């Protein structure tokens, strides 16, 4: 386990100044302080690691019973396995600050359905701690926990035959009388360009650029015979990566960037861009190579694979770890402006309250969840899923928990300035075997010494995708001119940028990539050039693997690079 630096979680001066003003507003929050939920009785349900404990094994058995029951439900029942998976296809956020609350709500209601259909009143979703167990848990290849099981719909044509009528007859396509309102299911679907059921079916099974449905036996990429993660994925889920993610001083740094709505991508935090995306692509590609798509985990129909829920339970667990760390340090855990939150009627809220980040984040509509009986839920806003108390659960401790122990042992956090060092882009286009490159000048005191305590250092890479791109890219830190010999695990191999989704990513997106561990491995002398600069290069993964001619025809543009310390 990588040793946690003593000041790896130091907040910025700006954050401390905000904190000082939160005490006054906290009294207006009836259920929680500005920093977190109020202490209460122990949680009713505990989510266990899927491996290494009797309770984890028991929960997997109940999970399999629930999955089998959902697969057997008629498509007209919203609790049908594929209907639940399609909620993710239609409404899920990625690359924005609603990733975490949306998936907490999705998992929480799904867990209640599992509890009902498994007959296990104590059921709680197990989680896959991929940092501790760098392979797919063995139980996930058994029975219906593997999407290649015969109980699943075997091909896209049969999927359309079974699901289309139920989708046409669903209540998605109705809108209340009066002016059009985007805060309805139909309004939300129109934001995603789903005008009617045929649009959805085209996206899932008919799009000639690539469907979202994987026929058996290609429903999952990783196989029982080779369940281990690749070296690049292991790097993405390493203790050093997780600790860098948990070092985030505020919610948007931890939970991804602000965007206009939860259907729009803006950029990826460390926790989303590295472990979240990497596990999706690894499980959903042949031999975990990020390139050969083979499995639902590649795209927005990923919940067809039961491992999706174990993966996101671990992501949710890490959000809880980060929240408890922030609370112990006396730092806010939600978007700025939460201290102004009131329960006043809408027409009585102040303009100041309505002008906060928290107000916009909290009110984002989340309308597609159903309860254990298949009824639409009444909790339909982002703020409804800010806390684990929404579903009365907690977690068996796992990887990353050490930061909570560290925070509990600290005095009030010291002041630390948040600094950004802007880089200079020298070569913009990434195409074929051609790399884009940039340099960033850093003072020597911004680079942690090997084995020494230091601040968190993150590189922010902004790429512009001119068309929908689903390829993987490699970011190199310094190193030789010829990249062919650079392997994951090398101090020169900074990160792999991977994407999941329908048909790739488009537009400008930012990726936060931890630098500190790599700089420490390289050593101060090798890390900085004579002028104090770091060199960062971005190139297609297929070029690194010697596969010329693969990937998209249109180039990807490197827009900007900076290095941030906090």
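General remarks:
- Normalised contact order of region 73-132, rounded percent, pairs of Cα under 8 Å and 6 or more residues apart: 16 percent
- Given their separation in residues at 0.36 nm each and the Cα-Cα distance between them, residue 444 and residue 228 gain 73.9 nm when the chain is fully extended.
- Region 112-154 versus region 348-400: alpha-carbon centroid distance in Å: 25 Å
- Cα gyration tensor category, rounded, prolate or oblate, for region 151-284 with a/c compared to 1.5: oblate
- For the chain: relative contact order, % (alpha-carbon pairs under 8 angstrom, 6 or more apart): 21 percent
- Potential lengthening between residue 467 and residue 484 on full extension [0.36 nm per residue; Cα-Cα distance subtracted]: 3.4 nm
- Prolate/oblate/rounded call for region 296-396, Cα gyration tensor, a/c under 1.5 rounded: oblate
- Of [x] 27.1; [y] 25.1; [z] 28.8, the label for mean projected area of the Cα convex hull in nm² derived from the coordinates: [y]
- Listed from fewest to most Cβ neighbours within 10 Å, the set 403, 205 follows the order 205, 403.
- Sorting 201, 544, 468, 59 by the number of Cβ atoms found within 10 Å of their own Cβ, with the fewest placed first, yields 468, 201, 544, 59.
- Protection proxy ranking of 97-109, 379-391, by the mean of other Cβ atoms within 10 Å over each peptide's residues and highest first, is 97-109, 379-391.
- Helix-only mean residue ellipticity at 222 nm for the chain, each DSSP H run of n ≥ 4 adding -39500 (n - 2.57), per residue, nearest 500: -8500 deg cm²/dmol
- Sorted fewest first by neighbouring Cβ atoms within 10 angstrom, 291, 265 come out as 291, 265.
Bear in mind these aren't lab numbers, they're just calculated from the coordinates by the rules spelled out. It should be emphasised that the depicted structure is a prediction, and the values quoted were computed from it without experimental measurement. For neighbour counting, all protein chains shown are included, and Cβ atoms are generated from backbone atoms with ideal geometry for every residue, glycine included.
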